[in-house]
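The values are calculated or read from the model by the stated rules, or taken from the named source; none is laboratory data. Everything numeric here is computed off the predicted structure, so don't read it as measured data. Note that we place each Cβ from the backbone using ideal geometry, even for glycine, and neighbour counts take in every protein chain shown.
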Amino acid sequence: MNLLLRYEAWLDRRRTLKTLYALDDHALHDIGLSRADVEGLNEASWQDHLPPSISR
C-alpha cells in the first residue's frame with residue numbers, strides 16, 4: 001500500500017510540474033513563482049525518494 005501511495009504522489013508531482021513548465025514566465029510571476037522555483041520543485045521530487053542516510 002505504501003508503494004502505491006508513493007507512486008500516486010510521484011504522479012501528482014509530475015503532473016503539477018508539467019503544468020508549471022507549460023506556463024510562460026509572466027504567468028508564473030502572476031502566481032508568485034519563477035522558473036528557478038519550478039526547477040527547485042523538480043529537484044526536491046527526486047530527492048524525496050532517497051534513503052534517509054543520503055537524503056538532504
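Which residues, counting only those in region 20-56, are exposed (fewer than 10 other Cβ atoms within 10 Å of the Cβ), of a type in the set (Ser, Thr, Tyr) and at pLDDT 60 or above?
Within region 20-56, just Ser53 meets the criteria.
Can you pull out every residue in region 1-19 that is hydroxyl-bearing (Ser, Thr, Tyr) and loosely packed, with under 12 Cβ neighbours inside 10 Å?
Tyr7, Thr19
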